[in-house]
Amino acid sequence: MSTDPNFNNFVGLSAILTGYPQEQLAPQIDPIGLASEYLTWMEKNADQTDFLNTLKTYQTISALPPAQQPAQVQQQILSDPAMGNIARRMIRLWYLSTWYTTEPPDPNGDGQVVSMNAYTMGLAWDAAQAHPMGYSQLHFGYWSVAPPANDVSPNAFPDVNVSPSGPAASTEGAPAARPLALQRGGI
């Protein structure tokens, strides 16, 4: 990790709050530096007393066995009004790459995207197994070529047997079950 205790506490707490491992949030070799960007953002935009208190509380929690830490984060940080607000903003920052100035966020749009880099790396895209709207790491025009018929990627959908059912269905003269290939975006 880092020699900066705030960075280490920020990443450790973020791992518990997001459910993603520290090694994924702040890899050893990190050309993007998203964790540093988020920490810097929070140092500039969050209430400093509440933010530093949250990191200090997590530092105490981090000395406990790893199995006890999530429950202690829930009990000591998330249930505290000020630190809970900071923690929820951290979660939104990691998942949505957006900083909200109100808690709960104003549905009329008080959020600010941290950066384009942050937007494309938001955890929401990974969790949804999608890519950010308006951005793809694939080459221009990739959508014009059909995927291979034997797509065995982790995102491939299995074939599903569909047979007629219900009161109108009868076994006599009914079509046999047919495979239905599910595809992203519908059937």
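Descriptive notes on the structure:
- Pair list, Cβ under 6 Å, 6 or more apart: the stretch 105-129 residue touching a residue at least 12 places away in the same chain (Cβ under 8 Å), other residue of a type in the set (A, V, I, L, M) and outside any helix (DSSP H, G or I): 119/113
- For the criterion of being out of contact with any Gly (no Cβ under 7 Å at 6 or more places or on another chain), surrounded by fewer than 16 Cβ atoms within 10 Å (Cβ to Cβ), of a type outside the set (S, T, N, Q) and in a loop (DSSP other than H, G, I, E, B), residue 82 fails.
- Among the residues listed as 97, 2, the single one being out of contact with any His (no Cβ under 7 Å at 6 or more places or on another chain), among the hydroxyl-bearing types (Ser, Thr, Tyr) and surrounded by fewer than 16 Cβ atoms within 10 Å (Cβ to Cβ): 2
- Applying a threshold of 7 Å to beta carbon distances and a minimum spacing of six or more residues, or different chains, the list of pairs starting in the stretch 65-76 at a residue that is in contact (Cβ under 8 Å) with a residue 12 or more places away in the chain and ending at one that is outside any helix (DSSP H, G or I) and surrounded by 15 or more Cβ atoms within 10 Å (Cβ to Cβ) reads 69/62.
- Some residue of the stretch 15-32 being surrounded by 15 or more Cβ atoms within 10 Å (Cβ to Cβ), over 16 Å from the mean Cα position of the chain (by Cα) and within 21 Å of residue 113 (Cβ to Cβ): no
- Residue in the stretch 121-137 that is touching a helix residue (DSSP H, G or I) at 6+ places or on another chain (Cβ under 6 Å), at pLDDT below 90 and of a type in the set (Ser, Thr, Tyr) present: yes
- Residues (surrounded by 10 or more Cβ atoms within 10 Å (Cβ to Cβ) and farther than 24 Å from residue 20 by Cα) located in the stretch 103-149: 106, 110, 142, 147
The values are calculated or read from the model by the stated rules, or taken from the named source; none is laboratory data. Quantities reported herein were computed from a predicted structural model and do not represent experimental measurements. Cβ atoms come from the backbone with ideal geometry, glycine included; neighbour counts cover every protein chain shown.
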